[in-house]
Each structure stands twice: as C-alpha cells, then as structure tokens.
1. Looking at (1) at pLDDT below 95; (2) touching a helix residue (DSSP H, G or I) at 6+ places or on another chain (Cβ under 9 Å); (3) over 19 Å from VAL246 (Cβ atoms), which is the one condition that is false for ILE177?
2. Enumerate the pairs (first residue in the stretch 237-256 and over 13 Å from LYS120 (Cβ atoms); second residue anywhere and within 16 Å of the ligand (Cβ to nearest atom) and aromatic (Phe, Trp, Tyr)) with beta-carbon separation below 8 Å, excluding pairs fewer than 6 apart on the same chain, so at least 6 apart or on different chains.
3. GLU82 fails exactly one of the following numbered conditions: (1) farther than 29 Å from MET203 by Cβ; (2) within 14 Å of the ligand (Cβ to nearest atom). What is the number of that condition?
4. Give the residues of the stretch 248-259 that are out of contact with any Phe, Trp or Tyr (no Cβ under 8 Å at 6 or more places or on another chain), more than 10 Å from the ligand (Cβ to nearest atom) and not acidic (Asp, Glu), sorted by residue number.
5. Suppose we filter the stretch 174-208 for residues that are free of Cβ contacts under 8 Å to residues at least 60 places away in the same chain and of a type in the set (A, V, I, L, M); how many remain?
6. Starting from the stretch 264-286, take each residue that is of a type in the set (Asp, Glu) and list its partners that are within 13 Å of the ligand (Cβ to nearest atom), counting only C-beta distances under 6 angstrom and pairs at least six apart or across chains.
7. Taking only the stretch 120-144 into account, find how many residues are in contact with a strand residue (DSSP E or B) (Cβ under 8 Å, 6 or more places away or on another chain) and either within 8 Å of the ligand (Cβ to nearest atom) or farther than 15 Å from ASN157 by Cα (or both).
8. How many of the residues making up the stretch 148-157 are buried (at least 17 other Cβ atoms within 10 Å of the Cβ) and either in contact (Cβ under 8 Å) with a residue 40 or more places away in the chain or out of contact with any helix residue (DSSP H, G or I) (no Cβ under 6 Å at 6 or more places or on another chain) (or both)?
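The values are calculated or read from the model by the stated rules, or taken from the named source; none is laboratory data. This structure is a prediction, so every number in the text was calculated from the model and none was measured. Here the Cβ positions follow ideal geometry from the backbone for every residue, glycine too, while neighbour counts run over all protein chains shown.
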Amino acid sequence: MAFEGLAERLQGTLTKIRGKGKVSEQDVKEMMREVRLALLEADVNFKVVKQFIASVREKALGQEVMKSLTPGQQVIKVVNEELTALMGGEQSKIAVSSKSPTVVMMVGLQGAGKTTTTAKLANHLRKNHNRKPLLVAADIYRPAAIKQLETLGKQLNMPVFNLGDQVSPVEIAKQAIDKAKEDHHDYVIIDTAGRLHVDEELMQELQQVKEIASPDEILLVVDAMTGQDAVNVAESFNEQLDVTGVVLTKLDGDTRGGAAISVKAVTNTPIKFAGMGEKIDQLEPFHPERMASRILGMGDVLSLIEKAQTNIDEEKAKQLEKKMRTMDFTFEDFLEQLDQVRNMGPLDELLNMMPGMNKKGMKDLQVDEKQVGKVEAIVRSMTTKEKQEPSIINASRRRRIAKGSGTSIQDVNRLLKQFEDMKKMMKQMTNMSSGKGKKKGKG
Ligand code: GDP
C-alpha cells in the first residue's frame, strides 16, 4: 500500500494532539516539526514541504481555528484541508469537448504505464460515461507497444487504429481522427511514443502531434514509484507541451507518496487519475480529499461507498451509506453486509479504506478470510440485543460468546474494541467534515 510510512508517521503525530483541549503554540511547533520530517521522508519536494508547513502553522494558530471542535481536532482538520489543497483541492475531471470527438493525447516516458493507461482510460470512459472511444497506436518506437495495445483492444472488444510502425505518429494521429469522425467515436485516445529519457527529439515529435491533433486533453503518465523523478519529468513535459493533467500510475505499489503530494504544487497540473494495479479496471479518478483522508488515517468512506454502489444493489448501498454516516452501524448490519462486502473485492483492501483500519494496532482486522470467519462466528454468537447494543456485553456475556463461537475471550474483547474504535473514528470524521460546512455529495 502506498503512503504507508507517511500515513503511519502522520497518524502517530496527530494522535498526540487529537484529544487536546488546549493547543499551545509550542504544541503546534513540535507537531509541525514532526510533520515536516514525515513529508521529507516520504520524498515530498522540499519547497512544497516548506510552504505546506508555513500555511498549516499560520492557520492552526489563527483565530478562526479555535472555535468549534476541540483544538486538537481543529489542527488535524487544518492539516487535512491543506493536504487536500496541496493535491489539487477539488477533483479534476477529464475534458469533454463540445464537438465530437474529444481528443486525448497520452504522453510519458517508456515504462511509466502509458499504453496500459490508454486502455484503462478507454475502459473507464465506456463503462462509467457510456462513451465510445477509439484507441490509437502511435507509439511506434517501443518494441511491442502497438501489439500490446492491440491485445488490450481485443480484450476490451474495442477498435484500435493501427498503421504499423513505419508511418509517422503525426500521420497516424491525423488519419485516426478522420477515422473516428467517420465511425462516430466520441473519444480518440492516442498512445504516443515514449522514450527512456526526456529528450529534444521526443518533445519535437510530440509537439507536432499536438499541432495536428489539437487535443482537448494532454495526459502525462508518470510512475509514482520514481518519486521526485516523476515530478521532474512532469515539469519538463509541462514546459514543452502544456500538459492538462497527470495520471499517476503504480500507486498500488509501496511508493512513499512524494510524487502524489508534490506534482500539483510543483507543476500546477492536476492529477486526474491514479493507476492502482496492472488490471484493466484498476484506474481510479483521483480525489485529493479522499487521498488526504486516507493518508491521515481517516479512511476513505466515500471511496468505500462508491465501490459498494457499483457492486452492491443500490438500495442496500444507500442503507449502508446512511448507517455509516449516522454511526448507527451495529453488529447486525455488520453480518448483513459481510456477504455483500465479500463481493466487493479483497477484504483487506476494503478495510484499508475504513477509518482507523490502517492504523497500527488495528492491523489484526486487516485479515485473511480465516480471521473473518472467526469474527463472523463471534458476531453470530451474540444475541440480537447484543448485536444492536454492543455496550451491554459485559464480562459474563463475553465469556458466553467466546464459548459459543469457539474463540477466546481475548478474541471477543479485541473485536469489541475494534468495533468501538471504528465507530469513534467515523464520528470524528463526520464531525470534521460537517465542521467544513456542507460539501459535495458523493462521487
Ligand atoms: P509504457 O511503456 O509507458 O507504455 O508502459 P506500459 O503500459 O507497458 O506499462 C509498463 C508496466 O507497468 C507494465 O508491466 C504494466 O502492467 C505496469 N503498470 C502500468 N500501470 C500500472 C499500475 O497502476 N500499477 C501497477 N502495479 N503496474 C502498472
């Protein structure tokens, strides 16, 4: 999981201040020192860190901050907001041209994930926006890039425009757009040629393609694993091409996260998508706010809900969302949702999105299916009343439940504690977002 080191350090720092009824200038100073170190260690650009710290410090000590919530929570709220702003604030969506087709030019260095992302994006546009994209194989330099796109096209059952590797990318782009108009495609996604390094020749060629294709969107694909290099690459591409958006790939790896946090601040180009794996459906719209919450251990309830909505029937998802928001979530719901949740994907991935779940000490719940079976057995051994009102579960009830489920009292205690912690986290998060005023809905 990306950001693990950073998340752990920041959460550790923030936990110290969370409950404080009073926050002194000295507290903020000390905390900022730790946040600064954590960010630098995560490979965040030095200047970006400096700016970030300065603005958090100023806001954390400012008047307005000290009113609602506890001061400790306020400081965390400021950190969360500034981190969100740093990554672009609002979600930045892919361009839609007023006249069809919308032309998207994909650029990037070899190995960044450009060809894969081209196909992923086409899949995303069709699946989630009901579009009809044409894929264009214009990476004539990397051996096998054309074939790779062809294969991906077949897998998606989507047409790929291909003139082989002896025709110039400029010519390919030109003919592809004509073809798209002819066949009524509403998106054209051009996989341009990459190189191993940024060089003059590459930039010239891309500029020519840009001229002929007049793209509505130039998406730069960068590899998050390369850290500050990714940011430097973004800077040079941007200087030459005026990139309109960045796709950060390999965020599923154990990148320290520096690129995700610095790219927008350094290049002033928003991250529009994140690659979360090699599979064709592992591309996600980038939500700065959710990413910030995830880094700060407030989980990612919104992403979770969205996932639920695409994989669970609408009605059930709505109930789940409401319960999570009102903190009405009981063990009964837990059981009911368990099967549904299992349909959504790997459990540890989902649990990671839940508030508090990626915190140290709660790793026990990031479990394998066997462990889930144990949890399920414990919950099933509770009476209806206990499921609805876990607070009534005293020592003798715990003993009974452990016996009934074939587990130990420690197991039962642990589960009850985790459930409470989870609810507390959710509450905190809800307070925080309501403190921010009415915000966007889901999605
Ligand atoms: P290109 O040279 O930029 O076109 O790169 P490719 O599309 O061939 O991707 C290079 C490698 O990165 C391939 O093995 C891809 O499967 C892999 N890759 C691309 N995006 C992701 C991602 O988001 N996560 C992971 N784990 N691998 C990715």
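1. Status for ILE177: all satisfied but (1).
2. VAL243/PHE237; GLY245/PHE273; THR255/PHE3; ARG256/PHE3
3. The single condition GLU82 does not satisfy is (2).
4. We begin by selecting, within the stretch 248-259, every residue out of contact with any Phe, Trp or Tyr (no Cβ under 8 Å at 6 or more places or on another chain); these are 249-254, 258-259.
Subset that is more than 10 Å from the ligand (Cβ to nearest atom): 254, 258-259.
GLY258, ALA259 - these are the residues of the stretch 248-259 that are out of contact with any Phe, Trp or Tyr (no Cβ under 8 Å at 6 or more places or on another chain), more than 10 Å from the ligand (Cβ to nearest atom) and not acidic (Asp, Glu).
5. Result for the stretch 174-208: 4.
6. Matching pairs, first to second residue: GLU284/ALA274; GLU284/MET276.
7. Taking the stretch 120-144 and keeping what is in contact with a strand residue (DSSP E or B) (Cβ under 8 Å, 6 or more places away or on another chain), we get 120-126, 131-139.
Next, from what is left, pick out any that are either within 8 Å of the ligand (Cβ to nearest atom) or farther than 15 Å from ASN157 by Cα (or both): 120, 137-139.
Total satisfying the criteria: 4.
8. Taking the stretch 148-157 first, the residues buried (at least 17 other Cβ atoms within 10 Å of the Cβ) are 148-149, 152-153, 156.
This time we only want the ones that are either in contact (Cβ under 8 Å) with a residue 40 or more places away in the chain or out of contact with any helix residue (DSSP H, G or I) (no Cβ under 6 Å at 6 or more places or on another chain) (or both), so: 149, 152-153, 156.
So the answer is 4.
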